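Chemist: One structure, as C-alpha cells, below. Some questions next.
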Amino acid sequence: MQHGVALIPSCRSLTFLALAWLLLVLATMHVSTPPATAADSEGTRTLLVQAQPAAPSPAPQPSLLILPINRAKFLAGARFDFRVEANHLPVKPTAWEVTIAGKTPEAFFGTQGQVTNTSDHSQEQTFRDVTLAEPGTYKVSAKAVAGETTLISTVEYDVVLTKPLARQAKNVILFIGDGMSLPFRTAARIVSRGLQEGKYRSMLEMDDMDYYAVVTTSGMESIATDSANSASAYATGHKSVVNALGVYPDNTKDPKDDPRVETIGELVKRTRNMAVGLVTTAEIQDATPAAMFVHTRHRLEYLAIMDQYLNPSQSADVIMGGGSASLLPQSTAGSRRKDNRNLFKEFETKGYHVVTTRTELRATSAPDKLLGLFHLGNMNVYLDKAVLKKADVLKQFTDQPLLWEMTEKALDIHGKHANGFFLMVEGGLIDKQAHPLDWQRAVWDTIELDKAVGVAKKWAMAQGDNTLIIVVADHAHSLSITGTYWEGDGKKGREAVRIYGEAKFPDYQDTDGDGFPEKVDVSRPLAIHWANHPDYYENYKVLQEPLSPTVKEGEKWVANKQRAGDGELQTGNLPSSENNAVHTVEDVPLTASGPGAEQFHKVMDNTEVFFAIVNALGLDARQGTSPFIATR
C-alpha cells in the first residue's frame with residue numbers, strides 16, 4: 001500500500017505542475033506567435049506549423065512484386081511481359097530466386113531475361129514477350145535476400161482456353177458509353193422516349209437487348225478507376241492502375257517500358273486476321289480507343305500513342321473521331337506536335353483514305369482503310385453540333401458527322417471483310433460532360449450513342465445475326481434523377497424541385513420521331529443532382545455553351561459565377577483542389593445480344609468482359625506471330 005501511495009503525487013503537487021505548465025505555454029505563445037490579423041493569418045498558420053511539425057511519413061518498406069499480379073487470368077497463348085521487382089532494399093540482393101511451376105523462368109519460358117537495378121535500392125528481372133500456352137493453374141514464387149532482409153512473394157495464375165458456345169460470333173461490336181452509369185440510360189430514355197401514365201412509350205435500343213449484366217469497375221490499386229484502367233480491363237482481361245493502358249505498372253519512370261499484356265485488337269489481328277475499327281466522339285488517342293491497342297503507363301502520351309497506331313500489329317483498319325492536333329506538323333496552327341511529321345501523310349502512305357468532314361465521309365464509298373478525324377481535339381457534343389450550332393463554340397468545325405453516321409460507315413467497310421471484325425464505338429463525351437456537371441449535354445450524347453446502337457442492331461440482323469453486340473459503360477458518374485423542375489407557380493431554385501407526386505412528368509416532345517425532343521429547354525425538365533461535385537451554381541437551365549463550373553482563386557477552385565450565376569450555390573463535397581465532378585465506384589450496366597450474349601447474365605468483374613468476347617469468337621491465342629516483336 002505504501003508503494004502505491006508513493007507513485008501518486010499529491011493534489012498540491014498536481015496544482016503546482018499544472019500552473020507551471022500553463023505559464024510556460026503562455027510564454028511560448030507570446031514569443032513565437034504575435035497576434036494575427038486578416039493580412040497575416042496565413043503567416044500565423046505557417047508559424048504554428050513550424051513550431052509543431054507534422055510527423056514525417058514512414059519510410060517505404062522493402063517489397064517484392066510479381067507482375068502480372070496474383071489471380072491474373074490469361075487466355076492460353078496470349079502474349080505478355082513477366083517481371084519481378086524488389087524495391088526499397090537496404091542493400092543489393094545477395095540471393096535471388098524465381099520459379100514458375102517449379103522451374104526457373106529461363107527454363108520455363110525458354111528465353112533469357114534481363115536483370116536491372118532501377119535504383120540503388122531495387123532489383124528487377126524482366127522477361128519480354130512470353131506466354132503460358134497450356135491451360136491450368138500456375139504457381140509463381142520469388143525470393144530476395146538483401147542483408148538481413150528476406151522477402152518472399154507467391155502468386156497464382158489461371159490460364160484458360162476459350163469455352164465452346166452454342167453459336168460462335170463472326171463479328172463483335174463493343175459500344176462503350178464513357179461514364180454512362182445507369183441513371184444516364186434512365187434519363188436518356190425519359191427524354192428520348194417519354195412516359196404515358198408511368199409506362200415508357202418505348203425502350204432505348206440499348207435497353208431492347210437479350211441479356212443484362214452488372215459490371216464491377218475497380219482497378220488493382222484503388223476502388224475508384226479511370227477510363228484508361230477500366231477500358232484496358234475490357235481490352236486485355238487484366239487489371240491495372242489509373243492512367244495505364246495495356247500494361248502493369250513497374251518502378252521505372254519510362255511510361256513505355258512497363259510490362260505489357262496483349263490487347264483484343266492485337267489478338268484478333270494476329271490469330272484470325274480480323275479487321276479492327278475504332279470510332280469515338282473523343283480524340284482517337286484518348287483512353288478508351290487507345291486501350292484497344294496501346295501499351296503505356298501514361299494515357300496522355302498522345303504522340304507516342306499515335307506512333308503505336310502506326311505499328312502494323314497495332315493499326316486499326318478504321319479510325320474515326322477527333323484528335324488531329326496529334327497528327328498535324330508543328331508548323332500547322334493547332335498542332336501539338338514538336339516536330340514537322342505529318343501523320344496524315346504517313347497514314348495515307350500505309351493505304352488509308354483520309355477524310356476530315358462529314359461531307360467527305362458521306363462521299364466516301366467503302367475503302368479498305370479509313371482515317372476520319374473531324375476536330376483538333378474532342379469532337380463537339382450532339383447538342384452543340386446538331387442543335388444549338390453556335391459559331392463561337394464550333395469555330396471552324398461546322399461539318400462534323402454524328403456518331404451513328406460514323407458507325408454506319410465503319411460497318412460498310414468492315415462488312416466486306418471475310419474474316420470478320422472487332423469494332424469499338426465510344427460515346428466518349430458523356431463522361432466529358434458529366435465531369436463539368438452538364439447533364440443535358442451528357443444525356444443528349446447518350447441518345448446519340450443509342451442511335452448508333454440501333455444502326456448496329458439493324459445491320460447485324462441483315463447479316464444473319466452472327467454479330468455479338470455489347471453496350472456497357474467503363475465506370476460510373478454520380479448523376480441522380482430527383483424528379484422534375486417547374487417554376488409554373490412562381491417558385492425558383494431548390495423550392496421548384498418537384499418530388500414524388502408533384503414531379504409529374506417532364507414535357508419533352510419528340511414529334512418527328514428522330515429520338516431527340518424538339519426543345520431542350522422545356523418548362524418542366526428533369527431535376528438532376530450530383531452525389532459529388534465542387535462548389536458550383538445551379539439554375540436548372542440549359543447552358544447555351546459549355547462552361548466550367550469552377551474558376552481558380554489562389555490554390556482553390558471556387559464556383560464560376562459566369563455559369564448559372566443567377567442560380568443557387570451548391571456547396572461542394574470534394575476537396576477544393578478538384579474543379580470537376582469525379583468518377584464514382586458503383587457497378588455499371590451491360591446489355592448484349594447476338595452469339596455469346598448469354599454469357600452476360602450476372603454480376604461480373606470488368607476483366608471477364610474480355611473473356612466473354614474471346615469465347616464468343618472462339619479465338620485460339622496459340623496461333624499467329626507475337627504482336628510484340630515489332631514494338632520492342
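Chemist: For the range 315-416, list log₁₀ I(q)/I(0) at each q in 0.11 Å⁻¹, using the Debye formula over Cα point scatterers of equal strength and ignoring solvent, two decimals each.
Modeler: Log10 I(q)/I(0), no solvent term: -0.34.
Chemist: Still on this structure, I have one more. Round to the nearest 0.05 the FRET efficiency obtained for Ser57 and Ala386 when R0 = 35 Å and r is the Cβ-Cβ distance.
Modeler: 0.10
Chemist: Sticking with this one: So, in nm, how far is label Asn419 from label Lys395 when the simple model puts each one 7 Å beyond its Cα toward the Cβ?
Modeler: 4.0 nm
Chemist: At 0.36 nm per residue, minus the direct Cα-Cα distance, what do Ser222 and Arg622 gain on full extension? Give it in nm, one decimal, please.
Modeler: 140.7 nm
Chemist: With a 1.4 Å probe and all protein chains left in place, how much of the accessible area of the range 486-570 comes from carbon and sulfur atoms, in whole percent?
Modeler: Roughly 48 percent of what the probe reaches on the range 486-570 is carbon or sulfur.
Chemist: Between Thr118 and Lys139, what FRET efficiency follows from the Cβ-Cβ distance if R0 is 25 Å, with the result rounded to 0.05?
Modeler: Result of the calculation: an efficiency of 0.40.
Chemist: Something else: Rank these residues by their accessible area, most exposed first, probe 1.4 Å: Arg272, Arg622.
Modeler: Arg622, Arg272
Chemist: Could you give the accessible area per residue of the range 63-160, probe 1.4 Å, as a whole number in Å²?
Modeler: In whole numbers, the range 63-160 has 46 Å² accessible per residue.
Chemist: Which lysines, on any chain, are close to Lys73 with Cα under 17 Å apart, when same-chain ones fewer than 8 places away are left out?
Modeler: Correct list for Lys73: Lys139, Lys163, Lys239.
Chemist: Also, I was wondering about something else. As an exercise, use a Förster radius of 41 Å and the Cβ-Cβ distance of Leu195 and Asn532 to find the FRET efficiency, rounded to the nearest 0.05.
Modeler: The computed FRET efficiency comes out at 0.90.
Chemist: Beta carbons within 10 angstrom, averaged per residue: use that to sort the peptides 347-359, 249-261, 465-477, highest first.
Modeler: Packing proxy ranking, top to bottom: 465-477, 249-261, 347-359.
Chemist: Still on this structure, I have one more. Which helices of the chain meet both criteria: a Cα extent of 30 Å or more along the helical axis and a mean Kyte-Doolittle score no lower than 0.5, with helices taken as whole DSSP H segments?
Modeler: What comes out of the filter, once short or polar helices are dropped, is 11-32.
Chemist: With respect to the cross-link table entries Lys170/Lys457; Lys345/Lys369; Lys170/Lys269; Lys269/Lys369; Lys338/Lys552, which display a Cα-Cα separation exceeding 19 Å?
Modeler: Lys338/Lys552
Chemist: In whole angstrom, note down how far apart the Cα centers of the range 247-285 and the range 201-217 are.
Modeler: 27 Å
Chemist: Give, rounded to the nearest 20 debye, the magnitude of the charge dipole that the chain has about its Cα centre when Lys and Arg contribute +1 at Cβ and Asp and Glu contribute -1 at Cβ.
Modeler: I would put it at about 540 debye.
Chemist: Quickly rank 570-579, 612-621, 452-461 as a protection proxy: mean count of other C-beta atoms within 10 Å, highest first.
Modeler: With the highest mean Cβ count within 10 Å placed first, the list reads 612-621, 452-461, 570-579.
Chemist: So if I restrict to the alpha-carbon atoms in the range 476-564, what is the Rg, and what is Dmax, the biggest pairwise distance, in Å?
Modeler: Every Cα atom of the range 476-564 included, Rg and Dmax give 15.2, 50 Å.
Chemist: Please sort 330-337, 286-293, 201-208 by packing, taking for each peptide the average over its residues of neighbouring beta carbons within 10 angstrom, highest first.
Modeler: Averaged packing, sorted descending, gives the order 286-293, 201-208, 330-337.
Chemist: Roll a 1.4 Å probe over the protein heavy atoms and report the accessible area of Phe344 in Å², nearest 10.
Modeler: In the full protein context, Phe344 sits at about 20 Å².
Chemist: Let me ask something additional. Here are a few candidate values for Rg and Dmax of the Cα atoms in Å: [x] 28.8, 104; [y] 23.7, 75; [z] 25.5, 95. Which one was actually calculated from the structure I just gave you?
Modeler: [x]
Chemist: I would also like to ask the following. Shape call for the range 574-632 from the C-alpha gyration tensor, a ≥ b ≥ c root eigenvalues: rounded (a/c under 1.5), prolate (a/b greater than b/c) or oblate?
Modeler: It is oblate, given that a/c is not under 1.5 and a/b is not larger than b/c.
Chemist: A follow-up question, please. Take the alpha carbon atoms of the range 170-192, find their center, do the same for the range 299-366, and report the distance between the two centers in whole angstrom.
Modeler: Centre-to-centre distance over Cα atoms comes out at 27 Å.
Chemist: Need one value: the accessible area of Glu502 in square angstrom, 1.4 angstrom probe, rounded to the nearest 10.
Modeler: 120 Å²
Chemist: Gain in length, Gln544 to Val214, computed as 0.36 nm per residue apart minus the alpha-carbon separation, to one decimal in nm?
Modeler: Gain in length upon complete extension: 115.3 nm.
Chemist: Between the range 450-504 and the range 133-154, how many Å separate their Cα centres?
Modeler: Their Cα centres are 49 Å away from one another.
The values are calculated or read from the model by the stated rules, or taken from the named source; none is laboratory data. Keep in mind it's a predicted model, so treat the numbers as computed, not measured. Glycine gets a Cβ as well: all are built from the backbone with ideal geometry, and neighbour counts include every protein chain shown. To get the accessible areas, we keep the full protein, side chains included, count just its heavy atoms, and leave off ligands, DNA and RNA. Shrake-Rupley method; radii C 1.70, N 1.55, O 1.52, S 1.80 Å.
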